[in-house]
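Working notes for the structure below.
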Number of protein chains: 2
Amino acid sequence: MSAGLHFINVRLPHREDLCLYELKAEVGKWVSVHRQDRFLDAWESGASRLMVPHQAGSDLKRLADADCIDLQGGMMLPGLVDCHMHLDKAFSLEQVSNRSGTLHEAILSYSHAVQTFSKEQLAERMLTAARMALSYGTTTIRSHLDFPVHLGREVAFRTIEAALEVREKLKGSMSIQYALMVPFRGNHEAADEAIEEALRMGIDVLGGAPHLADDPEREIGRIFRLAERFGVPIDLHADESDNPGKKTVLSIAEHTIRYGYQGRVTADHLCSLSAMTENDAQLVMAKMKEAGLNAVTLPAVNMYLQGREDRGLVRRGTTRIRELLAEGIPLAAASDNIQDPFHPFGRGDLIQIAQITSYAAHMGSEQDLVQLLRMITDTPAEITGCDEYGIEEGHDCNFVVTDASDVTQLLSGTKMSRWVYASGKWQSALHTAQTFASELVT
Amino acid sequence: MSAGLHFINVRLPHREDLCLYELKAEVGKWVSVHRQDRFLDAWESGASRLMVPHQAGSDLKRLADADCIDLQGGMMLPGLVDCHMHLDKAFSLEQVSNRSGTLHEAILSYSHAVQTFSKEQLAERMLTAARMALSYGTTTIRSHLDFPVHLGREVAFRTIEAALEVREKLKGSMSIQYALMVPFRGNHEAADEAIEEALRMGIDVLGGAPHLADDPEREIGRIFRLAERFGVPIDLHADESDNPGKKTVLSIAEHTIRYGYQGRVTADHLCSLSAMTENDAQLVMAKMKEAGLNAVTLPAVNMYLQGREDRGLVRRGTTRIRELLAEGIPLAAASDNIQDPFHPFGRGDLIQIAQITSYAAHMGSEQDLVQLLRMITDTPAEITGCDEYGIEEGHDCNFVVTDASDVTQLLSGTKMSRWVYASGKWQSALHTAQTFASELVT
């Protein structure tokens with residue numbers, strides 16, 4: 001394995017230019033990121049062991065052994081950041097069905113089923129989901145975790161223990177943060193004590209879905225008190241509903257200001273924002289901005305679950321994506337659920353999520369495509385507090401190499417291969433090879 | 001190469017059961033399709049050269065040389081049928097931009113640009129698009145072709161000649177039908193003469209977009225007269241609009257009945273059907289049913305182009321997918337445009353289209369998933385008049401083998417590999433291989 005990294009003929013689409021770059025890294029840090037004035041030929045790299053990713057295929061050793069990697073115009077992105085997953089629920093669809101396809105049935109059925117999952121089962125599914133995300137280029141995950149203390153401490157802590165084991169197993173491969181779903185059912189005192197214990201064990205963030213509680217205002221207050229006490233950020237499911245009257249995000253914003261938590265609070269989903277009048281939506285977005293809230297759209301799950309009561313003109317179900325961006329509110333796009341009762345599809349692939357976002361929000365111009373990439377890189381990196389993020393001199397080497405030479409190829413899935421580097425080594429190779437009979441003949 | 005085909009441990013999802021099957025074919029025809037009572041071990045196949053598709057990877061020869069192929073529970077689908085593409089426009093995005101992202105700008109810009117495309121350019125792009133579709137499992141395509149006689153006969157026939165050359169080149173690989181977009185601009189007499197010539201050259205179907213003409217009724221009448229005169233089927237873009245007043249499908253239905261063309265007319269898009277009142281929509285669907293119309297939804301392009309004037313609750317833009325299916329109207333899903341000004345994404349992959357349909361129409365139940373598969377196999381096969389279609393004894397061998405063991409894996413893209421067989425041989429292999437560093441260490 002060579003000590004450094006050297007790349008030529010690299011496209012860096014988040015730089016908004018079409019230039020090619022030459023990149024060098026030493027001991028896990030980028031030491032130079034230079035524009036090339038033209039396409040470099042292999043011999044110009046001065047490398048004795050030059051490698052093109054497609055030649056390496058899925059052989060990570062060949063990539064590691066190269067002293068120069070020629071991307072031939074392929075794109076490199078910083079390691080993708082999926083800031084809203086539910087690793088603990090992933091791949092539970094086989095055990096937890098959802099006949100109506102509604103959010104309501106999904107919540108009920110999962111709550112019944114979770115009691116039957118062993119810690120080992122949970123850990124195995126979480127590991128599979130996290131590694132699948134890694135294989136598509138995700139190197140940082142924030143996962144929400146169910147914490148149903150009202151079903152018994154043992155049930156609630158089973159998920160926590162499994163999650164912490166998975167993080168430990170993957171610590172040389174990727175970064176994982178956990179947000180605890182603060183339960184609003186049952187005895188609050190017992191729950192708060194259990195939450196304190198979970199935070200001590202290593203949970204990073206307080207989450208929850210206060211819009212589902214009987215008294216959302218009270219729940220939000222409770223979550224902020226707990227978060228302040230333990231000095232952790234807040235990341236809440238907010239107004240995942242078709243009802244324009246759901247505006248708990250206003251209360252979240254007010255609490256954020258009151259607690260001086262600006263920049264440390266994230267509101268996810270915000271589907272009802274699309275259902276509000278223009279005037280109400282403007283007021284809500286102004287308040288979000290005032291409070292320095294971050295926002296996350298989960299387009300796959302919202303398209304799948306929302307708008308089910310509509311007839312004829314069926315709403316898309318996502319939040320006001322373009323409007324939030326226009327307001328300058330940091331908006332990330334994330335995976336949410338993977339093959340579970342909330343969402344039968346998904347594979348933890350943020351490129352696929354960016355594509356679904358582009359359909360959901362009519363984003364197809366060149367500028368839009370760059371914006372879509374930011375929604376799965378820089379913005380969620382900021383939300384999750386990644387240090388030294390991005391392909392910049394002095395920053396950590398953490399990236400995914402693709403065989404797509406532009407964002408259209410990447411989002412359309414025309415080019416599928418991905419090679420992922422993080423934590424000081426090549427972590428994963430996903431390589432697609434293609435043959436046509438007609439090519440064999442000629 | 002072996003003379004016959006022999007498969008074991010095959011799933012056939014369109015049969016709506018979870019059994020495994022053993023299949024045999026001789027001289028390009030299925031001779032036996034039998035349920036297995038259990039998973040078969042390799043030695044039970046009696047084969048001396050057994051092959052698992054993943055071992056063959058992208059090496060078609062290894063598949064061809066095997067005397068038995070063990071799918072190990074992977075799914076086989078009949079060759080997919082994409083009944084609405086625009087091969088001639090595919091991959092023109094680089095040359096024809098669309099800043100506003102509207103249908104209107106796309107039509108205008110393409111009309112300007114088409115005059116500058118050489119026959120060779122057109123043929124090359126069409127060939128790339130058709131073969132890309134083949135690689136994802138499509139073995140039959142119906143492509144619409146622009147025919148702008150008002151820009152000059154030479155311009156119009158350039159596309160036709162390119163298209164016919166491409167079909168000739170691919171005739172040992174896949175089936176292609178062409179539908180001519182009957183032009184409604186310019187001199188009708190000259191156009192009708194040119195259309196007659198194009199039909200003589202080998203165009204199969206009459207198409208067009210009469211809802212865009214000043215007098216749609218007159219255009220529809222003209223297309224039916226021409227179609228009857230030459231005895232060809234009709235396939236029309238219909239009401240690709242957000243305006244609920246667009247109901248040219250009613251006139252199409254009336255003409256179908258008047259000309260005795262039941263079963264031979266297809267109406268594509270039908271976006272305005274979603275915008276109509278429930279009552280109007282019911283009347284339109286009843287009329288469609290009475291006329292024996294086929295319908296095609298183009299969810300990727302309609303999601304991308306439609307609903308752009310909506311604010312807040314943005315419509316999905318597709319037709320009434322669930323309602324048309326409930327009425328028993330044959331409804332296929334198809335690709336439409338690929339990386340052109342009408343749609344910057346797409347790759348001619350009907351599995352991807354089925355996934356987008358599932359989001360667009362809230363289709364996620366087990367029954368829905370089987371329905372989605374029908375919309376890219378049996379239904380478009382019927383619409384395009386494929387003979388002996390499907391994996392049945394006595395029928396032609398025409399299929400795609402996947403590494404997905406259920407429809408969820410297939411639609412979510414968790415399993416991506418495809419091996420395609422048509423016209424008596426293995427045509428294409430698209431193989432995805434994956435490695436994790438953590439697996440190398442352990």
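Against the definition (more than 21 Å from B:Asn337 (Cβ to Cβ), in contact with a Pro (Cβ under 6 Å, 6 or more places away or on another chain) and not charged (D, E, K, R)), how does B:Pro210 come out, yes or no? So B:Pro210 fails the test. Listed by first and then second residue, the pairs with beta-carbon distance under 9 Å, at least 6 apart or on different chains, first residue in segment B:215-227 and on the phi > 0 side of the Ramachandran plot, second outside any helix (DSSP H, G or I), form an empty list. So, B:Glu193, is that one within 18 Å of B:Ile141 (Cβ to Cβ) and either at pLDDT below 95 or more than 14 Å from chain A (Cβ to nearest Cβ) (or both) or not? Taking the combined requirement at face value, the residue does not satisfy it. Taking segment B:210-247 as the range and being in a helix (DSSP H, G or I), open to solvent by 20 Å² or more (accessible area, probe 1.4 Å) and touching a helix residue (DSSP H, G or I) at 6+ places or on another chain (Cβ under 7 Å) as the test, the residues that pass are B:Pro216, B:Glu217, B:Phe230. One residue alone among B:Gln282, B:Gln367, B:Gln352 is polar (S, T, N, Q) and within 23 Å of A:Gln409 (Cβ to Cβ), and that residue is B:Gln352. The set of residues in segment B:96-106 being without any contact (Cβ under 8 Å) to a residue 60 or more places away in the chain and part of a helix (DSSP H, G or I) consists of B:His104 alone.
The residues listed here are A:Thr408, A:Thr414; of these, the one that is touching a residue at least 12 places away in the same chain (Cβ under 8 Å) and assigned by TED's automatic domain parsing to the domain that holds A:Val31 is A:Thr408. Of everything listed in (1) in contact (Cβ under 8 Å) with a residue 24 or more places away in the chain; (2) more than 25 Å from A:Val265 (Cα to Cα), the single unmet condition for A:Met375 is (2). Scanning segment A:414-442 for residues that are open to solvent by less than 10 Å² (accessible area, probe 1.4 Å) and either at positive phi or more than 8 Å from chain B (Cβ to nearest Cβ) (or both) yields A:Ser417, A:Arg418, A:Trp419, A:Val420, A:Ala422.
Looking across segment B:291-337, the residues that are facing chain A (nearest Cβ under 8 Å), in a loop (DSSP other than H, G, I, E, B) and within 20 Å of B:His84 (Cα to Cα) come down to B:Arg316, B:Arg320. The one condition from (1) assigned to a strand (DSSP E or B); (2) facing another protein chain (nearest Cβ under 8 Å); (3) crowded, with 20+ Cβ neighbours inside 10 Å that A:Val401 does not meet is (2). Among the residues of this structure, A:Gln367 does not count as one that is part of a helix (DSSP H, G or I), surrounded by fewer than 21 Cβ atoms within 10 Å (Cβ to Cβ) and touching a Lys or Arg at 6+ places or on another chain (Cβ under 6 Å).
To keep it simple, each residue is scored yes or no on (1) more than 24 Å from B:Tyr359 (Cα to Cα); (2) away from every other protein chain (no Cβ under 14 Å); (3) buried (at least 23 other Cβ atoms within 10 Å of the Cβ).
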position: A:Glu94; (1), (2), (3): no, no, no
position: A:Glu105; (1), (2), (3): no, no, no
position: A:Ser111; (1), (2), (3): yes, yes, no
position: A:Glu124; (1), (2), (3): yes, yes, no
position: A:Tyr136; (1), (2), (3): no, no, yes
position: A:Leu145; (1), (2), (3): yes, yes, yes
position: A:Phe157; (1), (2), (3): yes, yes, no
position: A:Gln177; (1), (2), (3): yes, yes, no
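For segment A:113-122, filtering for residues that are open to solvent by 50 Å² or more (accessible area, probe 1.4 Å) and either modelled with pLDDT under 95 or outside any helix (DSSP H, G or I) (or both) leaves 2. Residues that are more than 28 Å from the chain's Cα centre (by Cα) and either within 14 Å of chain B (Cβ to nearest Cβ) or open to solvent by 20 Å² or more (accessible area, probe 1.4 Å) (or both) within segment A:62-71 comprise A:Arg62, A:Asp65, A:Asp67, listed in sequence order.
When the residues of segment B:259-282 are narrowed to those that are of a type in the set (D, E, K, R) and part of a helix (DSSP H, G or I), which ends up farthest from the other protein chains (Cβ to nearest Cβ)? Of everything passing the filter in segment B:259-282, B:Asp280 is farthest from the other protein chains (Cβ to nearest Cβ). Output yes when any residue across segment B:252-261 is in the same structural domain as B:Ala354 (by TED's automatic domain parsing), over 30 Å from B:Pro344 (Cβ atoms) and in contact with a Lys or Arg (Cβ under 7 Å, 6 or more places away or on another chain), and no when none is. Looking for residues that are in the same structural domain as B:Ala354 (by TED's automatic domain parsing), over 30 Å from B:Pro344 (Cβ atoms) and in contact with a Lys or Arg (Cβ under 7 Å, 6 or more places away or on another chain), one finds at least one in segment B:252-261, hence yes.
The values are calculated or read from the model by the stated rules, or taken from the named source; none is laboratory data. Please read these numbers as outputs of a predicted model, since none were measured by experiment. A quick note on method: Cβ atoms are made from the backbone with ideal geometry, for glycine too, and the neighbour counts reach across all protein chains shown. We work out accessible area using only protein heavy atoms, side chains counted, and drop any ligands, DNA or RNA first. Shrake-Rupley method; radii C 1.70, N 1.55, O 1.52, S 1.80 Å.
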